[in-house]
Amino acid sequence: MDDLAGFLRTRRARVAPDTVGIPVDGRRRVEGLRREEVAHLSGVSVDYYVRLEQGRATQPSEQVVDALARVLGLDETERGHLHRLARQRRRRARVPAGRPRPETLRVLDLVAGAPAMILDHRLDVLAGNRLARLLYGRPMPGVNTARHIFLEEAERGLYAEWERCTLDVVGHLRLAAGKYPDDSRLASLIGELAMGSERFRRLWARADVRARTHGRKSFRHPLVGPLELTQENFALPDGSGLELIVLSAAPGSPAEDGLRLLAGLDADAGDAPSETHARRHR
């Protein structure tokens with residue numbers, strides 16, 4: 001799904017030569033740095049670096065990886081991704097089972113004033129509270145947010161900043177592919193998205209990685225209008241690889257009024273069990 005050679009090639013093409021002290025003239029035809037320039041700046045032989053980019057050299061030392069990360073100008077997320085790719089042959093990460101504990105589901109039920117969900121590394125929604133269901137307009141277990149964004153919502157417009165959301169999703173899946181290269185279900189999802197979305201194919205080819213733990217999330221809900229929410233990601237501390245996602249509104253904001261209105265639209269549901277409880281007792 002992801003490999004060290006491809007990541008190095010895309011990062012090398014992104015580096016402007018003048019940023020690393022290499023003069024540029026009109027005869028230069030290479031986008032970014034040349035292989036021999038990366039090798040020289042990293043302190044490795046040209047032959048070794050060429051073999052890295054061709055996938056013929058594996059398991060570079062941490063010192064070499066650090067040197068490459070420095071020359072290629074990688075940020076913290078990209079640097080961690082590069083180290084994981086370099087270690088893949090030595091230590092394959094076990095794909096987590098991804099089952100939320102009953103105690104975690106109880107916590108999810110307690111989040112009453114904001115949409116909240118539990119997702120795995122594939123962006124499968126394993127559970128969601130009542131407001132999450134109302135926000136998305138459908139039962140949450142079984143939804144995959146990557147599929148939802150690329151294959152289902154591109155025309156209907158629930159996501160007010162759809163293009164930025166697609167960048168986040170592809171960056172997240174790139175990280176997941178680097179961490180769990182043996183995950184066949186993740187590989188199948190990536191293949192499905194690539195077959196169904198030209199934008200996904202273009203973004204995937206860029207090999208960008210992103211780790212988003214918080215930030216603004218804008219929605220255009222068909223019933224209550226714009227919702228400017230803040231997303232917070234909480235990694236669950238049980239080794240499951242799951243995250244709790246909460247979408248909150250600032251106090252006194254129009255979004256808070258919108259969530260309150262959204263909750264009221266479902267008032268006739270009475271004391272019906274939430275999705276998390278229904279899933280728990282299947």
Item to check | Residue identified as outside the structural domain of Glu232 (by TED's automatic domain parsing) and closer than 19 Å to Pro181 by Cα among Arg29, Arg12, Arg94 | outcome: Arg94
Item to check | Val107, sole failed condition from (1) touching a Ser or Thr at 6+ places or on another chain (Cβ under 9 Å); (2) surrounded by fewer than 20 Cβ atoms within 10 Å (Cβ to Cβ); (3) under 16 Å from Glu243 (Cβ atoms) | outcome: (1)
Next on the checklist: Could you tell me how many of the residues in the stretch 80-119 are more than 29 Å from Glu62 (Cβ to Cβ) and among the charged types (D, E, K, R)?
Outcome noted: 5
Next on the checklist: Quick test of your reading of the structure: Gly80 fulfils all but one of (1) surrounded by fewer than 20 Cβ atoms within 10 Å (Cβ to Cβ); (2) not assigned by TED's automatic domain parsing to the domain that holds Gln63. Name the failing condition by number.
Outcome noted: (2)
Item to check | Any chance Leu33 is in contact (Cβ under 8 Å) with a residue 40 or more places away in the chain and surrounded by 16 or more Cβ atoms within 10 Å (Cβ to Cβ) | outcome: no
Checklist outcome for this item: the stretch 28-142: helices (runs of 4 or more DSSP H) wholly inside it with 3 or more residues that are more than 30 Å from Val224 (Cβ to Cβ) are 35-42, 46-53, 62-71, 76-87
Checklist entry - Residues in the stretch 1-27 that are outside any helix (DSSP H, G or I) and over 21 Å from Ala207 (Cβ atoms): how many? => result 7
Item to check | Among (1) within 15 Å of the chain's Cα centre (by Cα); (2) outside any loop (DSSP other than H, G, I, E, B) - the single one Arg210 does not satisfy | outcome: (2)
Item to check | Every residue from the stretch 231-255 that is of a type in the set (S, T, N, Q) and surrounded by fewer than 16 Cβ atoms within 10 Å (Cβ to Cβ) | outcome: Asn233, Ser253
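The values are calculated or read from the model by the stated rules, or taken from the named source; none is laboratory data. Keep in mind the model is a prediction, meaning the values are calculated, not measured. Cβ sites come from the backbone with ideal geometry, for glycine too, and all protein chains shown count toward neighbours.
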